[in-house]
Amino acid sequence: MWNRKVDRPKTRPRVLAITNQKGGVGKTTTAINLATALVAVGEKVLIIDLDPQGNASTGLGVPNTIEARTPSALEVLTGEASVRQAMLPTDIDDMSIVPAQIDLTAMEAEGGGRTGRNFRLRDALNAHFADPQNDDVCPSYVLIDCPPSLNILTVNALAAADAVIVPLQCEFFALEGLGLLVKTIDQVREQLNPELTIQGVILTMHDRRNSLSHQVEDDVREFLGQKVYSTIIPRNVRLSEAPSFGKPALLYDHSCPGSKAYIKFASELIKRERGLAAA
């Protein structure tokens, strides 16, 4: 299932930033499980871990040590290492990761200033894509796992991305935070990345027994319409357990409701991507 190969002409990979300034909404869970589902249907995926907590790296089995995570995303952003030099293989064929560790807080603390700071990740990725020597490790998708804040790291991700995926927890304050994020994306589009779009909003941690979850779903769909994926990620204990074993849920328990939902989500995302390519 995980070794299916698909031959494609070389094109620039799609870069998708997975972001929400609120923590605990399922960004990292979405990044690693969406990546796994994409690999399962023949895509090659690179994850960029831009969260100083490094949870995406841990969730894919990268030891949380300086030795194992050097060079990391920090070295890529500072120009001390190329994307290829920082890439690590994972236990899943055709999936690699640029890991993160706590030293990313040095970048996280940076405020505004020179415009060039906002384009460090974009420039590093563009250099990677343009080098023919990297053809063997160029993915079809790059997923950027962003930190739970709107700082220089998130701005770098949005400046580098073609589109944004927003995981949104089905809870009371969901719409309030979504409004702020949409404003931030609009500002980045105006000032740094005019091509940036919202690929979609994925509802997470949905409890079908809870009327509040259904109310949030209705409100978000009314607010953003077709931007909200039809797929809903349920609240599922297996999704929460999997990272402690260094595995995506799709490998930890591929038959659990959460895994099935992420497979469905990947199919929906690919369908949207094909529609955009054909437009």
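All of the numbers you see were taken from the coordinates with simple rules; none came from a lab. Everything numeric in this text was worked out from a predicted model, so none of it was measured. Virtual Cβ from ideal backbone geometry, glycine too; neighbours counted across all protein chains shown.
Summary of values
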{"item": "Extension reserve of the ARG238-ASN210 stretch, reckoned as 0.36 nm per residue once the Cα distance is removed", "result": "8.1 nm"}
{"item": "Cα gyration tensor shape for the chain, rounded if a/c is under 1.5, else prolate or oblate", "result": "rounded"}
{"item": "Added length on full extension, which subtracts the Cα-Cα distance from 0.36 nm per residue, SER149 to GLN191", "result": "13.2 nm"}
{"item": "Gyration tensor verdict on segment 22-72 (Cα atoms; rounded if a/c is under 1.5, prolate if a/b is larger than b/c, oblate otherwise)", "result": "oblate"}
{"item": "Order by protection proxy (mean Cβ within 10 Å, highest first), peptides 173-185, 18-30", "result": "18-30, 173-185"}
{"item": "Packing-based exposure ordering (other Cβ within 10 Å, fewest first) of LEU196, LEU16, LEU239", "result": "LEU196, LEU16, LEU239"}
{"item": "Exposure proxy order (Cβ contacts within 10 Å, fewest to most) of PHE265, PHE129", "result": "PHE129, PHE265"}
{"item": "Beta bridges by DSSP in segment 14-278, antiparallel share as percent, to the nearest 5", "result": "5 percent"}
{"item": "Selected from MET107, MET87, MET95 as most flexible by GNM, with the chain as the system and alpha-carbon contacts under 10 Å", "result": "MET107"}
{"item": "Computed [θ] at 222 nm, deg cm²/dmol, the chain (DSSP H ≥ 4; -39,500 (n - 2.57); rounded to nearest 500)", "result": "-12000 deg cm²/dmol"}
{"item": "Extension gain from ILE270 to THR11, taking 0.36 nm per residue of separation minus the Cα-Cα distance", "result": "91.7 nm"}
